[in-house]
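This report concerns only the one structure given below.
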Amino acid sequence: MILSGLAIAGEIRKGTIQIDPFDESRLNPNSYNLRLHNKLLVYREEILDVKKPNACEFLTIPPEGMVLDPGRLYLGRSLEYTKTDGFVPMLEGRSSMGRLGLCVHVTAGFGDVGFAGYWTLEIHAISPIRIYPEMELCQIYYHTIQGDYVPYRTGKYQNNTEVQPSMAWKDYL
């Protein structure tokens, strides 16, 4: 079952869901709009290797915006820190962005119960598009979970503070 927007707000008041900073005006009927931080990460290598760390560099989105090139992967992060216990967080792009050809995740829209941190966004554009820091780019929503579970507490991406490149190489150590 997906939580309604009012239920999300209620869980925030109870402390079982944390969105920081939280602004009630970004609450939707069954989701909450997350904003884009002003930092992006891009890979510098032409061929990426899953068995090793890949070189990357940070870009800063200026207040006047930045044009994204089609065919390039940009890793961004949510401006908001989120944490949840007892619910499965999910991330999707906003339809307003999708209608402009802006995709916010390739495969990582599914969060683990217990995840705490900033969401890494796998951004790509169908056509050139200008983006801006702090724009409402995506939405988070929450599923209930049934049955016993072990919460995500110590994974590769837990408690992150910055945009994170793939750490798939750690699976091969």
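The values are calculated or read from the model by the stated rules, or taken from the named source; none is laboratory data. Here the structure is a predicted model, which means the values were calculated and not measured. Glycine also receives a Cβ, built like all others from the backbone with ideal geometry; neighbour counts cover every protein chain displayed. Quick note on the areas: whole protein, heavy atoms, side chains included, nothing else; ligands and nucleic acids left out. Shrake-Rupley method; radii C 1.70, N 1.55, O 1.52, S 1.80 Å.
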Subject >> Tensor-based shape of the range 44-112 (alpha-carbon gyration tensor, a/c under 1.5 rounded, otherwise prolate or oblate) >> reply: oblate
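Of all GluC sites (Glu not before Pro) in the range 107-173, which ones are in loop regions per DSSP and have a Cβ with at most 16 other Cβ atoms within 10 Å? Can you show the working numbers first?
Values: sites: 122, 134, 136, 162; in loops: 134, 162.
Qualifying residues, ordered by number: 134, 162.
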**OP:** Using all C-alpha to C-alpha distances in the range 6-123, build P(r) with 5 Å bins and read off the rounded percent in each one.
**Re:** 2, 10, 17, 22, 19, 14, 9, 5, 2, 0
**OP:** Find, among the GluC sites (Glu not before Pro) in the range 1-81, those assigned to loop by DSSP (not H, G, I, E, B) with at most 14 other beta-carbon atoms within 10 angstrom.
**Re:** 45, 46, 64
Original post:
Near residue 6, within a Cβ-to-Cβ distance under 12 Å, what is the net charge of the other residues, with Lys and Arg +1 and Asp and Glu -1?
Top reply: -1
**OP:** Collect residues whose amide H, placed 1.01 Å from N in the peptide plane, falls under 5 Å from the amide H of residue 121; neighbours closer than 5 in sequence don't count.
**Re:** 76, 77, 78
**OP:** Might you tell me the accessible area per residue for the chain, computed with a 1.4 Å probe and given in Å²?
**Re:** 54
Original post:
Under a GNM of the chain (C-alpha, springs under 10 Å), which listed residue has the highest mean-square fluctuation: 17, 47, 145?
Top reply: 47
Original post:
Protein chains only, probe 1.4 Å: how do 124, 37 rank by accessible area, largest first?
Top reply: 124, 37
**OP:** Convert each backbone phi in the range 53-63 into a coupling constant with the Karplus relation 6.51 cos²θ - 1.76 cosθ + 1.60 (shift: θ = phi - 60°), then list the ³J(HN,Hα) values in order as whole Hz, x for Gly and Pro.
**Re:** x, 9, 4, 8, 9, 8, 10, 10, 7, x, x
**OP:** Could you tell me the distance between the Cα centroids of the range 1-49 and the range 111-173, to the nearest Å?
**Re:** 10
**OP:** Would you mind classifying the range 1-59 by shape? Square roots of the alpha carbon gyration tensor eigenvalues, ordered a ≥ b ≥ c; an a/c under 1.5 is rounded, otherwise it is prolate if a/b is larger than b/c and oblate if not.
**Re:** prolate
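Tell me the carbon and sulfur percent of the accessible area for the chain, rounded to whole percent, probe radius 1.4 Å.
Values: 4910 of 9320 Å².
Carbon with sulfur: 53 percent of the solvent-accessible area.
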Original post:
Across the range 130-136, in residue order, what do the Karplus-derived ³J(HN,Hα) couplings come to in whole Hz, using 6.51 cos²θ - 1.76 cosθ + 1.60 with θ = phi - 60° and x for Gly and Pro?
Top reply: 8, 10, 9, x, 6, 6, 6
Subject >> Angle in degrees between helix 5-14 and the longest Cα principal axis of the chain, rounded to the nearest 10 >> reply: 80
Subject >> Karplus (6.51, -1.76, 1.60) ³J(HN,Hα), θ = phi - 60°, over the range 90-102, in Hz, Gly and Pro reported as x >> reply: 10, 10, 9, x, 7, 4, 4, 6, x, 6, 9, x, 9
Original post:
Once amide H atoms are placed 1.01 Å from N in the peptide plane, what residues at a sequence separation of 5 or more from residue 34, or on another chain, have their amide H within under 5 Å of its amide H?
Top reply: 137, 138, 139, 140
